[in-house]
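Everything below concerns the one structure shown next.
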Amino acid sequence: MKESVVYGRTLPEAYHEALRVLDREGEISPCPDYNTNQKELSMTICVAEPLAEPMISKLSIGGPRELEQYRQEMLDGILDFEIERGNWAYTYHSRMAEQLPFILRELRRNPDSRRAVIDVRDWRHDAAEGNENPACLQHLQFFIRGGALHLKILFRSNDACKATFMNAFALIMLQKRVADELGIAMGSYTHRANSFHCYEKDFGMLAGYVRRLEGGDVTYDYEGGWDELMEAARAEIAASVEELKRR
């Protein structure tokens, strides 16, 4: 499988280059679990300044409300009640949250540690026969180097058009939360997807994204822009979650 690495100062800059590379160099391979084909390669996306503006890509399937809800799902566990109901076996939040105290404790104990790892994959569950929802996100590793907190992420599988940007944004927000808890600066963000892919039904979406990249600005500022729109969506999101809980 082809290996690619892209670099950018901002999240959109790096993400957009990853889309270009996938469109141009991705290889067609079968995806029998979903009875389709995919364009695929292995991708490492390196973001030097993950909080730098512009931080928001217009090449995302969701608007401010969807991005805020996903951020809350990942960081605050607003849908974890589905586990208690037996509807879901886990959420990313449920698997990460119980390990975050260790991360903080370890990095305070030894700022040069290489042990600050969160394992999201639970092999007992994810490798179980008949399991149709193994975790795509595998692990997170936090490093303090040069007085800043760096985060390196591994996905076994990542949908380039429909998931990657929202995944990366939410994980950068988690990185910021940990950095703030430790009282240190933000460092780089590295997003590795062993299978960075686009399903056949979305080939047109990928090609359309790449055309838009050649046609002008495809970014928004987060601060003073989308952050306010996302905050405005919180009441509606909370009401929707309460409605789900009542069902």
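Just so you know, all these numbers are worked out from the coordinates, no wet-lab data involved. All figures in this text were calculated on a predicted structure; none of them were measured in a lab. Positions of Cβ are generated from backbone atoms using ideal geometry, with glycine treated the same way; all protein chains shown enter the neighbour counts.
Key figures for this structure:
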item: Estimated dipole of the stretch 3-246 in Debye, rounded to 20 [Cβ of Lys and Arg +1, of Asp and Glu -1, Cα centre]; result: 640 debye
item: Gap separating the Cα centres of the stretch 183-239 and the stretch 21-87, nearest whole Å; result: 8 Å
item: The stretch 116-247: relative contact order in percent, alpha carbon pairs under 8 Å with at least 6 residues between; result: 19 percent
item: Projected label distance in nm at ASP119 and ASP221, using a 7 Å step from Cα toward the beta-carbon; result: 4.4 nm
item: Segment ASP180-GLU27, extension gain: residue separation times 0.36 nm, minus the distance between their alpha carbons; result: 51.0 nm
item: For the stretch 207-218, Karplus couplings with θ = phi - 60° (6.51, -1.76, 1.60), whole Hz, Gly/Pro x; result: 4, x, 4, 5, 4, 5, 5, 8, x, x, 5, 10
item: Inter-label distance for ALA48 and LYS2, nm, one decimal - labels placed 7 Å from Cα along Cα-to-Cβ; result: 2.5 nm
item: Helical contribution to [θ] at 222 nm, DSSP H n ≥ 4, -39,500 (n - 2.57), averaged over the chain, rounded to 500; result: -12000 deg cm²/dmol
item: Least to most buried among ASP202, ASP227, ASP180 (fewest other Cβ within 10 Å first); result: ASP180, ASP227, ASP202
item: Calculated from backbone phi, Karplus (6.51, -1.76, 1.60) coupling profile of the stretch 183-190 in Hz, x at Gly/Pro; result: x, 10, 6, 7, x, 7, 10, 10
item: Length-normalised contact order for the chain - Cα pairs under 8 Å, 6+ apart - percent; result: 27 percent
item: Cα-projected label distance for GLU106 with ALA148, points at 7 Å along beta-carbon direction, nm; result: 2.2 nm
item: Loop GluC sites (Glu not before Pro), the stretch 35-101 (other Cβ atoms within 10 Å of the site Cβ: 10 or fewer; DSSP); result: GLU98
item: Rounded to 5, percent antiparallel among DSSP beta bridges of the chain; result: 65 percent
